[in-house]
Amino acid sequence: MTETVNVDVKLGVNKFHVDEGHPHIILKDNPNMTEYRKLVNACPAGLYKLEEDGSIRFDSAGCLECGTCKFLCGDTILEKWEYPRGTFGIEYRYG
């Protein structure tokens, strides 16, 4: 018998090593909101937030390094996307 495990449970056991002061993703100033909304809906880690007042909130801590934002929007709203420096980033612990 196979036990069902949901994605949130799997992601919850990962460990993140945040490189404070050296984010591996940087948004452009005043990003295109159409492009940004794509990431609000597509980022599997939910890093791209749209507040009720219309402002945006983004933090690269917790990034799964999947590259969804890079491939979906590329340089239309991203000033920089690169993998974190060695020893930083996500440490997958489940599968």
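Express the carbon and sulfur contribution to the solvent-accessible surface of the range 1-70 as a percent, rounded to the nearest whole number, probe 1.4 angstrom.
Details: 2280 of 4730 Å².
Answer for the range 1-70 is 48 percent, counting heavy atoms of protein chains only.
With +1 on each Lys and Arg Cβ and -1 on each Asp and Glu Cβ, and nothing else charged, work out how big the dipole of the chain is about its Cα centre, in Debye to the nearest 20. Mind dumping the intermediate values first?
Working: 11 positive and 15 negative charges, 48 e Å.
The dipole of the chain has a size of about 240 debye.
In Å³ and rounded to a whole number, note down the convex hull volume per residue for the Cα atoms of the chain. Provide the component values of the computation, followed by the final result.
Details: hull volume 11.6 nm³, N = 95.
Measuring per residue, one finds 122 Å³ for the Cα hull of the chain.
If you project the alpha carbons of the range 48-92 onto the principal axes, what extent comes out on each, in Å, largest first?
On the principal axes, the range 48-92 reaches 37, 20, 15 Å in Cα extent.
How much of Ile56 can a 1.4 Å solvent probe reach, expressed as accessible area in Å² and rounded to 10?
About 60 Å², ignoring ligands and nucleic acids.
At 1.4 Å probe size, with every protein chain present, just tell me what the per residue accessible area of the chain comes to in Å².
For the chain, the solvent-accessible area averages 70 Å² per residue.
Taking the Cβ of Leu39 as the centre, find all other residues whose Cβ is under 11 Å away and add up their charges (Lys, Arg: +1; Asp, Glu: -1).
Charge balance in the 11 Å sphere: +3.
Per-residue ellipticity at 222 nm for the chain, helices alone: DSSP H runs ≥ 4 residues times -39500 (n - 2.57), over residue total, nearest 500 deg cm²/dmol?
Only helices count here, giving -6000 deg cm²/dmol.
Quick query: amide H of Leu27 versus all other amide H atoms, modeled in the peptide plane; which residues come in under 5 Å with a sequence gap of 5 or more or a different chain?
Glu79
Amide H neighbours of Ile90 under 5 Å, at least 5 residues apart or on other chains, H built in the peptide plane: list them.
The answer is His17.
Report the Cα centroid-to-centroid distance between the range 40-59 and the range 79-95 in angstrom, as an integer.
20 Å
The values are calculated or read from the model by the stated rules, or taken from the named source; none is laboratory data. Computed from a predicted model, the values in this text were never measured in an experiment. Note: ideal-geometry Cβ built from the backbone for every residue, glycine included; neighbour counts use all protein chains shown. Note: accessible area is taken over every heavy atom of the protein model, side chains too, but ligands, DNA and RNA are not part of it. Shrake-Rupley method; radii C 1.70, N 1.55, O 1.52, S 1.80 Å.
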